[in-house]
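Quick notes on the structure that follows.
What follows draws every value from the coordinates through simple rules; no lab data is involved. Remember, predicted model here, so these are calculated numbers, not experimental data. Positions of Cβ are backbone-derived with ideal geometry, glycine not excepted, and every protein chain shown enters the neighbour counts.
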Amino acid sequence: MSLLNGLRILDLSTVLMGPYGSQILGDYGADVIKVEAPEGDVVRQIGPTRNAAMGPLFLNVNRSKRDISLDLKRPESRSAILRLVQTVDVLVTNIRPRAMARLGLSYEDLAEANPRLIYAAYVGYGQTGPYADRPAYDDLIQGGACISHGFVRAGGKPAYVPAAIVDRIVGMAGVNAILAAVIERSNSGKGQKIEIPMFETMVSMIMGDHMGGLTYDPPLDKGGYARHLSADRRPYETKDGYICALVYNDGHWQRFFHAIGRSDILENDDRFSSFNKRMANIDSVYATLSEFLLTKTTAEWLKIFETADVPAMPMHSYESVIEDPHLVATGFFEAEEHPTEGKLRRMAVPVSFSRTPAQSTRPAPALGEHGPEILAEVGFSESEIAELQNSGALYVKEKV
């Protein structure tokens, strides 16, 4: 028995945020039906491919799903969606609310077909504010949620984190909200609409660290957590590369200085004497640490830190992390034989459960791969399916 056995999800989301969230639910055992337009989700085109429309970003965010391709602008497709909605527990969308309303697929429309439906809408901004109708993308929200400002406060230029962290984080926030609504429905018997806004979710996360003196009224400072904003809070250069080390609490510093034969610093340099003193002088403390770490190789420091029980990690590249001995031992990068893409490397579900293991249930699907099968399950006859296909409302890829 899987964790979410029996939970059925209709996923109208595209690109990354919604699909990442629905993949997590699929890995946990939900039956996820991905709905794509006939031209396919745009992420199918991103990255190097063996076959057209099966790029690595798509493969890594759409496993554990079945796929149906419908042209939602056609009335026949809306009828198909309404019949599917009657059989699902959750609908996920990141189509802007006004567009969903124009398609006749608003929460109010679909709740008439299924009052128990949980309608999870990923939106850019909370829908009661002036930004409600604006488009939102990961880069925009990184800037708006103060991530880019953090680089400035740390002494650099405004920048974006080189990963779609907003899409991923908000995708996971949606999973939390969906599962909370599923639990509530088990008590009330009623569905409801959920809105998961990118902007507010990320401001909540980032400012949780950086509200600082802005927490108080009037403010005590301009906000910002000094340790996070220190220019020397970064991977440290060694004799032959870089290392990520966090010498943080009193015990760490005592063992670190003892390991390098400099216990005198704790006795003679007031900046290192206590946690509060280190935080007050964090820039010079980290700058001093960076000078020490230049004196040995990365391997030498990793051994020293391990012996001293001080947190440290190598600074991996995208290639080297695949060979990390811990990830190799835990089997995190799994071999997969994809039916069309051949041999692939897949990442395991990172969360473990003692009794009901979570794992990928199927490889990422081809466009429209399961359309006829899905429609047949909800009562469409062969002739009705053929009619949808002939009208252009349903796309089914011809088998080679």
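Data table
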item: Around ASP232: net Lys/Arg minus Asp/Glu count, Cβ-Cβ under 15 Å; result: +3
item: 24 Å Cα-Cα reach of LYS296 towards lysines, excluding residues that sit fewer than 8 places from it in its own chain; result: LYS239
item: Segment ARG346-HIS228, extension gain: residue separation times 0.36 nm, minus the distance between their alpha carbons; result: 39.2 nm
item: Cut-off under 5 Å, modelled amide H: who pairs with LYS34 long-range; result: ASP11, ARG66, ASP67, ILE68
item: Selection from PHE305, SER188, LEU4 lying farthest towards where the dipole of the chain points positive, charges on Cβ; result: SER188
item: Table column - 3J(HN,Hα) (Hz), region 253-266, Karplus curve with 6.51, -1.76, 1.60, x for Gly and Pro; result: 5, 4, 6, 5, 5, 5, 5, 9, x, 10, 4, 4, 4, 4
item: Region 131-168 and region 270-347: distance between their alpha carbon centers, rounded to Å; result: 25 Å
item: Electrostatic dipole magnitude of region 215-305 [Cβ: Lys, Arg +1; Asp, Glu -1; Cα centre; debye, to 20]; result: 240 debye
item: Whole-Hz couplings from phi, Karplus 6.51/-1.76/1.60, listed for region 13-21; x for Gly and Pro; result: 8, 10, 6, 10, 4, x, x, 5, x
item: Net charge of neighbours whose Cβ lies under 14 Å from the Cβ of GLU184, counting Lys and Arg as +1 and Asp and Glu as -1; result: +3
item: Fewest-first sequence of VAL310, VAL166, VAL203, VAL349 by Cβ atoms within 10 Å of each Cβ; result: VAL203, VAL349, VAL310, VAL166
item: P(r), alpha carbons of the chain - 20 Å bins starting at zero, rounded %; result: 22, 47, 25, 5, 0
item: Taking TYR395, TYR225 and counting other C-beta atoms within 10 Å, the order from fewest to most; result: TYR225, TYR395
item: Shape parameters for region 179-304, alpha-carbon atoms, Rg then Dmax in Å; result: 21.7, 67
item: Within the chain, helix-based [θ] at 222 nm, where runs of 4 or more DSSP H residues each add -39,500 (n - 2.57), nearest 500; result: -11500 deg cm²/dmol
item: Ranking of ILE95, ILE165 by count of other Cβ atoms within 10 Å, fewest first; result: ILE165, ILE95
item: Distribution of pairwise C-alpha distances over region 97-187, 5 Å bins, in %; result: 3, 11, 15, 18, 18, 14, 9, 6, 4, 2, 1
item: Over region 236-314: Rg over Rh, Cα atoms, Kirkwood Rh; result: 0.94
item: Under-5 Å amide H pairs with ILE194, H placed in peptide plane, nonlocal only; result: TYR119, ALA120, ALA121
item: On Cα atoms only, tilt of 198-210 relative to the major axis of the chain in degrees; result: 10 degrees
